[in-house]
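First up is the structure itself, then whatever we jot down about it.
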Amino acid sequence: MSILSADDAEAMQEVVELGTIPASDLPPCGRDGTTDAKLVCRILHCKAAPEKPLRFTRSQLVQSGGNNNLKKMSVEQSYHKWILCGCLLSSEVVVIITRTSSESELLLKFTGDIYPGSLVAVVEPEVVGQLEGGTKLIRTSDRLIPIEADEKFGNIPKAIELSLRYQMYHFFIPTLEVIHSGVVSDRCPGVLCDAQTPANKQCPCQSTDRTVHKWAISLTLKSSVLNRSFEIVSHQLTALFADPKAIQGTCPLSGLKMRRHVRDIVSDVNEHGGWSCTAWVKPGRSGGSGDDSGAIQETKLHVCSLRPAQPTPELLARIVAKQIKPTAVNRDDVHIRQPHLRGPFAQNIPNPNADGVLPAVDPAAAAAAGAAGGAGAAGAAGGAAAAPANQAANVPHVLSPTQVQAALAQIRAAAEVQQPPPRDDPNADRQPNGQQPRDDPNADRQPNGQQPRNQGNVAAGLAPANNRSAAAEPPSHLAGAFGQLNAADGEREERRRREEAEEAEQSSGNE
């Protein structure tokens, strides 16, 4: 039974007022001690297996001889959603499960703001059991509420092979080196899975428009602070390297050409604050337990979130200028030679000669946009632990994740406004081979030597063919051709009037 208000904005304020407890204080079973409290957790991994049973140990208090004893029993239960989370206070990992699709819909109501690496509040969690190694299984009657908190880094994962249970790591990486990068196009475009579910496995996303196609960048990276390289595929990370419009459909660049953009942006982040990394470990196991089969599995470091540690407006402006842009289009006029269409009509023609590089953006405008950010669900709950307000003058202004999204949108909008219209540039239509631009009177001459019928409309800037205003007057060298056309139109109109008059006389005579 939900305890929060049905109004989302009011519910977010109520969550802030609840007390915060660490996962280590959760009881062995039930919700004793969790009343009027919440867990603040970082999303690590999500999966769906509605027909696969989950094996775990359930604890139950029984009375024997006047004493309360904890009785443990092995349970096998099906589930609908399985969400791996790490407690922000204790770094202990817990698993949130749902049993039905209706529970999942309520839990993931804010699915657009819940993804690997994001923070959520789990309201009054109830412990239902434990996996092997002591990882607690919990559930909640309320929806997960997106929340923001101060960035606090922990230990860097080293000897993960020694881990006997699920572990979460949230740590700082000063520099990264790109070993390999490529494009993945067979992943779900949803936010919850963040392209981290392989194509051969069921996606945990609640509702995804399968007609939307998005590609993602696959990266293999290494750093001096880690004793191993790691791989990551993520829509959130791809948005750092590509404009949101470029991610739709197919990648506008080959994997080889894309690497220059990736290396440049990685280098900028290395030089301006480093990286914030979130990872988790599932220990290798040889016996069938928990939600896994009995196959032997190697311990692996799963990096689920990677983003700039200090996303200042200046850094964001540099990133946007180097991002992969959507395919440039030439919106110049095109003659459509069809019987029922006369004159030029605006078309989208891919222009391979356009470099698509956005002009430089004023960092001050980006800073103003970042300060005004926070319109999303996470921004509404950001009062839980806001960033320090009294920062020194020499300390860069670091934006929250919600402010980063707002600042990026503002930077892109400012860059688009600064782009001059293509027709205002006298050399915008000049071809690389030295040909004349289209406004040259000989540029549109047809192969048979005839002049195009609506050249005057082209010169006037897409004036409709039936609008013969002063703005659409033909140039002098076409005055004769347009005069003949106008005369022909007048003759046809006069002939039509005579035919109508004759028909009217015949009909009146018959009456």
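The values are calculated or read from the model by the stated rules, or taken from the named source; none is laboratory data. This structure is a prediction, so every number in the text was calculated from the model and none was measured. Note that we place each Cβ from the backbone using ideal geometry, even for glycine, and neighbour counts take in every protein chain shown.
A few notes on this one:
- Some residue of the range 267-278 being farther than 22 Å from S163 by Cα, modelled with pLDDT under 90 and not in a loop (DSSP other than H, G, I, E, B): no
- Screening K38, K52 for residues that are modelled with pLDDT of 90 or more and either more than 26 Å from the chain's Cα centre (by Cα) or acidic (D, E) (or both) leaves exactly one candidate, K38.
- Where strands (runs of 3 or more DSSP E) fall wholly inside the range 77-139, the ranges with 2 or more residues that are closer than 17 Å to S2 by Cβ are 93-98, 119-123, 136-139.
- Here E10 does not qualify as farther than 29 Å from C203 by Cα, touching a Leu at 6+ places or on another chain (Cβ under 6 Å) and free of Cβ contacts under 8 Å to residues at least 12 places away in the same chain.
- T211, sole failed condition from (1) closer than 24 Å to P244 by Cα; (2) surrounded by 19 or more Cβ atoms within 10 Å (Cβ to Cβ): (2)
- Elements of type strands (runs of 3 or more DSSP E) contained in the range 149-225, each with 2 or more residues being hydroxyl-bearing (S, T, Y): 216-222
- Residue identified as modelled with pLDDT of 90 or more, under 25 Å from S163 (Cβ atoms) and among the small types (G, A, S) among S224, S305, S293: S305
- Residue check for C205: crowded, with 21+ Cβ neighbours inside 10 Å, farther than 18 Å from R307 by Cα, modelled with pLDDT under 95 and not polar (S, T, N, Q): no
Quick grid of which residues meet (1) over 22 Å from I319 (Cβ atoms); (2) of a type in the set (G, A, S):
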{"residue": "G182", "(1), (2)": "no, yes"}
{"residue": "C188", "(1), (2)": "yes, no"}
{"residue": "P198", "(1), (2)": "yes, no"}
{"residue": "A216", "(1), (2)": "no, yes"}
{"residue": "T220", "(1), (2)": "no, no"}
{"residue": "S224", "(1), (2)": "yes, yes"}
{"residue": "S229", "(1), (2)": "yes, yes"}
{"residue": "F241", "(1), (2)": "no, no"}
{"residue": "L253", "(1), (2)": "no, no"}
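- Annotation note: Cβ proximity below 6 Å between a residue of the range 261-285 that is more than 13 Å from T312 (Cβ to Cβ) and a residue that is among the β-branched types (V, I, T) and in a helix (DSSP H, G or I) (sequence gap 6+ or interchain) occurs for I265/I319; V281/I160.
- Filtered residues of the range 221-247 (kept if more than 19 Å from A199 (Cβ to Cβ) and of a type outside the set (G, A, S)): L221, K222, V225, L226, N227, R228, F230, L240, F241, D243, P244, K245
- If you go through the range 219-253 and keep only what is among the small types (G, A, S), crowded, with 19+ Cβ neighbours inside 10 Å and more than 21 Å from A279 (Cα to Cα), you end up with A242, A246.
- The residue of the range 11-37 that is surrounded by the fewest Cβ atoms within 10 Å (Cβ to Cβ), among those that are of a type in the set (S, T, N, Q) and in a loop (DSSP other than H, G, I, E, B), is T35.
- Subset of the range 112-145 that is within 17 Å of the chain's Cα centre (by Cα) and buried (at least 21 other Cβ atoms within 10 Å of the Cβ) - its residue that is farthest from M73 (Cα to Cα): D113
- In the range 66-87, the qualifying residues are those that are surrounded by fewer than 22 Cβ atoms within 10 Å (Cβ to Cβ) and among the aliphatic types (A, V, I, L, M), and the one that is farthest from the chain's Cα centre (by Cα) is L70.
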